[in-house]
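Take a look at the structure below.
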Amino acid sequence: MSQDRTGFPAPLRALPAFDGPFDAHRLEASGCEVLFASYPAGTDIAEHDHDTHNVGVITRGELVLTRGSR
């Protein structure tokens, strides 16, 4: 399967684009939202909140999160 700079295989890249503040592909699911996103090294995401329970899976690299002052 061919891949692009995101590392996602073609079937994931073929999913509909996510309509939001970052680039991602959206998998339709019942009762949840599944997004496949890729962030370039050094990406800084502004402080924000979620009104949902979110779970992330890092497949390559690292992610440093700050929750409140921690």
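Quick check on my filter: what residues within segment 1-51 are among the polar types (S, T, N, Q) and farther than 30 Å from Gly68 by Cα? Give the steps one after another, and end with the answer.
First, the residues of segment 1-51 that are among the polar types (S, T, N, Q): 2-3, 6, 30, 38, 43.
Ser2, Gln3, Ser30 - these are the residues of segment 1-51 that are among the polar types (S, T, N, Q) and farther than 30 Å from Gly68 by Cα.
Could you grab the pairs with beta carbons closer than 8 Å, sequence gap of 6+ or different chains, first residue in segment 28-39 and more than 16 Å from Gly56 (Cα to Cα), second one not β-branched (Val, Ile, Thr)?
Listed pairs, sorted by first residue: Glu28/Pro16.
Given Phe18, Phe8, which one is touching a residue at least 24 places away in the same chain (Cβ under 8 Å), aromatic (Phe, Trp, Tyr) and surrounded by 11 or more Cβ atoms within 10 Å (Cβ to Cβ)?
Values: Phe18 fails: touching a residue at least 24 places away in the same chain (Cβ under 8 Å).
Phe8 is the lone residue from the list that is touching a residue at least 24 places away in the same chain (Cβ under 8 Å), aromatic (Phe, Trp, Tyr) and surrounded by 11 or more Cβ atoms within 10 Å (Cβ to Cβ).
Bear in mind these aren't lab numbers, they're just calculated from the coordinates by the rules spelled out. The structure displayed is predicted, hence computed values, not measured ones. Because the Cβ atoms are built from the backbone with ideal geometry, glycine has one as well, and the counts that use them run over all protein chains shown.
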